[in-house]
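The values are calculated or read from the model by the stated rules, or taken from the named source; none is laboratory data. Since the structure is predicted, the reported quantities are computational estimates derived from the model, not experimental observations. Note that each Cβ is placed from the backbone with ideal geometry, even for glycine, and that neighbours are counted across all protein chains shown.
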Amino acid sequence: MSRVDSQARSTARANAVADSGGVMSHRQIMFVIYGLMAGMFLSALDQTVVGTSIRTIADDLNGLSEQAWVTTAYLIVSTIATPIYGKLSDIFGRRPLFIFAISIFLAGSVASGFATSIFELSLFRAFQGLGAGGLMALPLAIMGDMLAPRERAKYQGYFLAVFGISSVIGPLIGGLFAGTPEILFIAGWRWVFLINLPIGAIALVIVMSFLHLPKKSVNRSVRIDWWGAAAVIVTVGTLLLVAEQGRSWGWMSPAAIVSYVVVALGIAAFILVERRMGDDALIPLKLFRSSTFSMATVLGILVGFGMFGALSTIPLYLQLVKGSTPTESGFQLLPMILGLMISSIVSGQLISRTGKYRIFPTLGTAFMAVGFFLFTFITADTPIWFVMLGMLAVGLGLGQLMQTLTIASQNSVGARDIGVATSSSTFFRQIGGTLGVAVLFSVLFSRIPDTLAAAFSDSKLLTALKAATDPTTTAGQAVLADPNNKQILGILADPSQIGTALDGNTSFLTTSDPALAAPFLHGFADATVSGFWVSLIVVLVAFVLSLFLKATPLREKSALQEVAEADAAVLAQSAAATTGAQIAPDTRPDTK
């Protein structure tokens, strides 16, 4: 009985929104936003909380060499699922798909929390990623339904705040759980996944109670693009797989070459399938007829490249070169997060008041370029405040770009294509981010042997190294006898090991004598700068392209209002036609 009453109340609330012409009150909007933020927080937190705990997890499950699959499986499935959720939500509605995504994510979290091997954990993380794809794509699509583009910018700052908060507290929570042997009779690291349960429960309650949108009205038969989905799965899965594993395979290895061929064939097949499916396509090709959507998509890929590249390489520099703990590096990222939040709120308010957004992609890419340019001056001795200054600039740029590009994509399509446009925008940005991480890490580790060789040729560093290990001095004898220096002394004794010393466990750098570790730190810092140069070039390309972005005027009505008005117009035309047919015999001229 209660279930029937709940469904009745849900239908009544959805009808109330429809009867109001698709206009929702501020109170209704805020309640929905709380639920959407909780759902997005689940996905965003899960991307950061695992990073600082993965070593403990892998040690406990005896699978350190396979731990990369825990992240790769989640990333591949969540990225592939993103456009599928967007298209299905356009057909069947956002609410049921969002509830489904949260439920799948929570089920995957429970399974991951009780995994008994690294293989099981990777499999359960893939299942969890199936829900994460919806948690990232659907909230922005729902926002596109509820709010007109001008108003949307004002509220989307909340979502960027969620992203920022999760980026800061994720490493803290992961480190806390991983460092605690047991919580409530369960191993501490398992709570990295189980913590999702109370957050997800809150999100489910809010969404089921307050997210009531009118049912989708479909005036024609709809085909499900199964072949398009299959092409996306094969193409993107292979692309992300080679991007993640190419460095260990070898970029020109047989496995990598086969992957390139599969990706090329998959792209060709996808285009052919989508052309035949027309409006029913998973990612309709008609979206790309809009120059605004096409340019926003390209910019999203480039921005994703720079954003995820920065979020992956900067913490590594802080931890390895500056000796920061995972928790400390999380706090040191605060300037980037604060810059992102400040610029997103300010730009959102300005867009809401003026209805103009053309300047923000250009300003955003310019700020990012300044930040990466500052990063190119980083060395092992660079003070932390200088690094934070670059992070602030990158954050100020990202805050102007992330929501603006999403708004531009949503505003360039019809009201009924909001979901697929939003998910496509997120989908391509995630692909750009994955490629960014893969490319930058490839550049980083390919440069390390050369930069280490250069560091060990530096006369200043060599002089300090020889003085520290001089067996004729008391200090040198102490350094040589210190067990904390055993591993690094072994590497120094065999020059052939120096080039690969940073490929594995680098914890010896934090315990070794500073003079012994200095050449390694300088070599790693110099290699990191090579990656920052690549990011700078990519962002500069984005800056040039942003000059050609056509900013169409923002619509004054939400997608719900536009759909409601369109449906009302269809009903009015139908009623007029019916009435005309009924009175036609009575309005003919009298022939008597």
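Which one of these is under 15 Å from the mean Cα position of the chain (by Cα), among the hydrophobic types (A, V, I, L, M, F, W, C), outside the structural domain of V232 (by TED's automatic domain parsing) and surrounded by 20 or more Cβ atoms within 10 Å (Cβ to Cβ): L147, L106, L140?
Working: L147 fails: under 15 Å from the mean Cα position of the chain (by Cα); L106 fails: under 15 Å from the mean Cα position of the chain (by Cα).
Answer to the check: L140.
Name the residues in region 266-289 that are small (G, A, S) and at pLDDT 85 or above, would you?
Across region 266-289, the qualifying residues are G266, A268, A269.
The conditions are (1) in a helix (DSSP H, G or I); (2) buried (at least 16 other Cβ atoms within 10 Å of the Cβ), and D279 fails exactly one of them. Which is it?
It fails just one condition, (2).
Scanning region 64-81 for residues that are crowded, with 18+ Cβ neighbours inside 10 Å and of a type in the set (G, A, S), which turns out modelled with the lowest pLDDT?
It comes out as A73.
Return the pair list, or none, for Cβ contacts closer than 9 Å from residues in region 330-358 that are surrounded by fewer than 23 Cβ atoms within 10 Å (Cβ to Cβ) to residues that are part of a loop (DSSP other than H, G, I, E, B) and among the small types (G, A, S), at least 6 apart or on different chains.
If the second residue must be part of a loop (DSSP other than H, G, I, E, B) and among the small types (G, A, S), the pairs left are F331/S324; Q332/S324; K356/A551; R358/A551.
Go over the candidates G399, G364 one by one and state the one that is assigned to a helix (DSSP H, G or I), modelled with pLDDT of 90 or more and either crowded, with 24+ Cβ neighbours inside 10 Å or in contact with an Asp or Glu (Cβ under 8 Å, 6 or more places away or on another chain) (or both).
Result of the check over G399, G364: G364.
Just a yes or no: is a residue in region 290-311 over 23 Å from the mean Cα position of the chain (by Cα) and not small (G, A, S)?
No, there is no match, as no residue in region 290-311 is over 23 Å from the mean Cα position of the chain (by Cα) and not small (G, A, S).
For the condition hydrophobic (A, V, I, L, M, F, W, C), in contact with a Pro (Cβ under 6 Å, 6 or more places away or on another chain) and modelled with pLDDT of 80 or more, what is the one hit in L97, L36, L88?
L36
Tell me the residue from A475, A568, A581 that is modelled with pLDDT of 80 or more and either among the hydrophobic types (A, V, I, L, M, F, W, C) or part of a helix (DSSP H, G or I) (or both), please.
After applying the criteria, what remains is A475.
Every residue in region 463-484 that is surrounded by 15 or more Cβ atoms within 10 Å (Cβ to Cβ) and in contact with a helix residue (DSSP H, G or I) (Cβ under 6 Å, 6 or more places away or on another chain), please.
A464, L465, A468, T469, V479 - these are the residues of region 463-484 that are surrounded by 15 or more Cβ atoms within 10 Å (Cβ to Cβ) and in contact with a helix residue (DSSP H, G or I) (Cβ under 6 Å, 6 or more places away or on another chain).
Looking only at region 236-283, count how many residues are touching a Leu at 6+ places or on another chain (Cβ under 8 Å), of a type in the set (V, I, T) and over 20 Å from S423 (Cα atoms).
Qualifying residue count, region 236-283: 1.
Has region 297-319 got at least one residue that is closer than 20 Å to S535 by Cβ, free of Cβ contacts under 8 Å to residues at least 60 places away in the same chain and polar (S, T, N, Q)?
yes
Run K460 past the list (1) within 25 Å of T313 (Cβ to Cβ); (2) exposed (fewer than 13 other Cβ atoms within 10 Å of the Cβ); (3) of a type in the set (D, E, K, R) and report the number of the one that doesn't hold.
Of (1) within 25 Å of T313 (Cβ to Cβ); (2) exposed (fewer than 13 other Cβ atoms within 10 Å of the Cβ); (3) of a type in the set (D, E, K, R), only one is false for K460: (1).
Scan region 365-388 and report the pairs whose first residue is within 20 Å of L547 (Cα to Cα) and whose second residue is crowded, with 19+ Cβ neighbours inside 10 Å and among the hydroxyl-bearing types (S, T, Y), with Cβ atoms within less than 6 Å and a gap of 6+ or a chain change.
T365/S546; F372/S535
Are any residues in region 270-287 of a type outside the set (V, I, T) and within 21 Å of T434 (Cβ to Cβ), and if so, which ones?
F270, L282
With the checklist (1) closer than 27 Å to V70 by Cβ; (2) touching an Asp or Glu at 6+ places or on another chain (Cβ under 7 Å) in hand, flag the one item S253 doesn't pass.
Exception for S253: condition (2).
Return a yes/no flag: does region 110-121 have any residue that is crowded, with 24+ Cβ neighbours inside 10 Å, among the acidic types (D, E) and assigned to a helix (DSSP H, G or I).
Among the residues of region 110-121, not one is crowded, with 24+ Cβ neighbours inside 10 Å, among the acidic types (D, E) and assigned to a helix (DSSP H, G or I), which makes the answer no.
Take A438 and tell me if it is surrounded by fewer than 24 Cβ atoms within 10 Å (Cβ to Cβ), touching an Asp or Glu at 6+ places or on another chain (Cβ under 9 Å), under 26 Å from T365 (Cα atoms) and not charged (D, E, K, R).
yes
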